[in-house]
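One structure is given here, and the rest of the page talks about it.
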């Protein structure tokens, strides 16, 4: 006999939206800088013979003139005098580095630092299992990569989605991106393992869910997303059928993420989200407020955008749901949904991004929790958990901070040394505190070991 399972989603379909465009970043070469300028950390009085463009008194920085194309030579000259110097690089506000025309309506991605994270990782080589109502891929946009599909409900290998919920969830994680069609996915280079554990009415048995977890783990998933659960008011926190499967996933170092549930309950989140080894995800709206439907209390770990289809706080002309492609009543389109079901795949996608960027299984949850944007009461609280998940900040997190605090590491040149920890030229892998200036580097004109001296 089946035990009823409540989907953590209030499915509110606003309808398909077509024919809009968002801005995209052009592919530039290197980091742009102001031609003819060099920044030196010293006062104008120390720069005899140089043409001063501007002095910044609070930071003690002087901008001096350099011949165009000779900026690097001027930087070396100033460094040879024991001064910190560099090109006057240009920063820009982040835009979507993608060409999907409806991505500008996916406000929820920028709430979790998507475009910043994409400059480093989009989840390549990581498989995310989506245990849900299945997946029905469209011909126009759809999921970029799928692997080891499984229909546990009907005991076959065709997890067709007759509901639309699972397809929407999978799209948030790994929708085809940069194909000039439709919308984007958060970890768009990851691969989806669609595992149908809920039937087309949105219900599924605990036995089916447990089997789905084992299937995902045994076939190479590194992350499992479960946008499903029981009513939080049921009081279920453990189960003899699913618990062993969750323990098996943890033993095999698979990150498991689940929706906190949509009961608007204050005391605790739903099962299986409440299980200790599972990351429980609540939902926020466009204004970073806790969504009224989102469960909170015991077991909540973190929050992510789940949306509010009754509001248009960003004034884009559409309800503030989470926008993704799915199939409703046999028709493919782009629909705004709301729910903790929509929040959970943001966290699963970020887990994939973190694993792809080199974070270990043990560090994924710590990186997300300790770098989250604090909301509500200061520190951890029962409404927002650790806060709103932040993809880019989580990638910058390092273990071993004071009393467990996160640390930021800027390593632009990929040499393993952080600018914050003494890498004096983080755009040149030949320069860091571990280098020496003997042999071929003796006369290269660089301060290879960051001791303040050139070729010494």
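The values are calculated or read from the model by the stated rules, or taken from the named source; none is laboratory data. The shown structure was predicted, so the numbers you read here are calculated from the model rather than taken from an experiment. When we count neighbours, we look across all protein chains shown, and the Cβ atoms used for this are built from the backbone with ideal geometry, even at glycine.
A single member of 258, 221, 216 is modelled with pLDDT of 95 or more, under 23 Å from the mean Cα position of the chain (by Cα), buried (at least 17 other Cβ atoms within 10 Å of the Cβ) and in a loop (DSSP other than H, G, I, E, B), and it is 221. Looking only at residues in the range 203-213 that are part of a helix (DSSP H, G or I) and under 14 Å from residue 150 (Cβ atoms), which one is nearest to the chain's Cα centre (by Cα)? Among them, the one singled out is 213. Every listed requirement among (1) touching a residue at least 12 places away in the same chain (Cβ under 8 Å); (2) under 27 Å from residue 375 (Cα atoms) is met by residue 175 save one, (2). Take the residues of the range 104-120 that are in contact with a strand residue (DSSP E or B) (Cβ under 9 Å, 6 or more places away or on another chain) and closer than 17 Å to residue 141 by Cβ: which is surrounded by the fewest Cβ atoms within 10 Å (Cβ to Cβ)? That would be 105.
Filtering the range 338-359 to residues that are within 19 Å of residue 386 (Cβ to Cβ) and out of contact with any helix residue (DSSP H, G or I) (no Cβ under 8 Å at 6 or more places or on another chain) leaves 340, 343.
Only one entry of 172, 146, 127, 136 meets the criterion of being modelled with pLDDT of 95 or more and either surrounded by fewer than 23 Cβ atoms within 10 Å (Cβ to Cβ) or farther than 21 Å from residue 255 by Cα (or both), and that entry is 146. Number of residues in the range 266-285 that are surrounded by fewer than 19 Cβ atoms within 10 Å (Cβ to Cβ) and touching a helix residue (DSSP H, G or I) at 6+ places or on another chain (Cβ under 7 Å): the value is 1. Out of 312, 316, 285, 320, one residue alone is touching a strand residue (DSSP E or B) at 6+ places or on another chain (Cβ under 8 Å), touching a residue at least 60 places away in the same chain (Cβ under 8 Å) and farther than 24 Å from residue 205 by Cβ. It is 320.
Counting only strands (runs of 3 or more DSSP E) that sit wholly inside the range 279-340, those with at least 3 residues that are closer than 28 Å to residue 381 by Cα and in the same structural domain as residue 264 (by TED's automatic domain parsing) are 302-305. When residue 160 is tested against (1) farther than 29 Å from residue 313 by Cα; (2) assigned by TED's automatic domain parsing to the domain that holds residue 192; (3) modelled with pLDDT under 90, just one condition goes unmet, and that condition is (3).
Residues in the range 367-404 that are at pLDDT 90 or above, more than 28 Å from residue 185 (Cα to Cα) and part of a helix (DSSP H, G or I): none.
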